[in-house]
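Notes for the one structure printed next.
All of the numbers you see were taken from the coordinates with simple rules; none came from a lab. Since we're looking at a predicted model, the values are computed, not measured. So basically every Cβ, Gly included, is an ideal-geometry build from the backbone, and we count neighbours across all protein chains shown.
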Amino acid sequence: MDTNQNFAELTEKEESELEGKYLTFWTDGQLFAIPIANVMQIVQMQEITEIPEFPMYAKGVIDLRGKMIPVMDLRLRLGKMEATYDAHTCIIVMNFNDANVGLIVDSVDEVAPIDEESISPSPSIGSGVASQFLKGLAKNSRGVILLLSLEQVLGDNFYSAFA
């Protein structure tokens, strides 16, 4: 068996182990989740270099081991009030569409299994800005989990700001 075949089998195994698992985290008193497969690492809040003329939610960039990672404050992206960062605030560094990006959240909760069949569509009640950023809703012992749509949260507007 050649090395490429071994790598392909390993990758398939890793993907199947990650399927249906989500990183849950808190922002503005609500429990959110993103697929764990997108998460590269979680880092403590650190100095962010602001870049002028960026949208308010695009806080700037961090230097993560020599790589410049664009960072977004999820609260601001969802149209919520800005909060003071504290010891629990962290940055979830993700890979999405072959780009690395950081998402500032209030605190990380856990890795939780969420069965795809248990995901309900997000409600279309009212004109809440945040509903456009949701992929759906799920429930576990901790309550309702809001599943983020990374396509919407990290849309073209965010990436074009860093182009």
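Assorted remarks:
- When +1 charges are put on Lys and Arg Cβ atoms and -1 charges on Asp and Glu Cβ atoms, the dipole computed for segment 36-86 relative to its Cα centre reaches about 240 debye.
- Seen from all directions on average, segment 21-161 presents a Cα convex hull projection of 8.7 nm².
- Fully extended contour minus Cα-Cα distance, from ASN97 to VAL111, at 0.36 nm per residue: 2.9 nm
- Per-residue ³J(HN,Hα) for segment 49-54, Karplus 6.51 cos²θ - 1.76 cosθ + 1.60, θ = phi - 60°, Hz, x for Gly and Pro: 7, 6, 10, x, 6, 7
- The distance between label points at LYS21 and LEU137 comes to 2.8 nm (points 7 Å beyond Cα on the Cα→Cβ vector).
- A full extension of the chain between MET81 and MET68 corresponds to an added length of 2.0 nm, given 0.36 nm per residue minus the alpha carbon distance.
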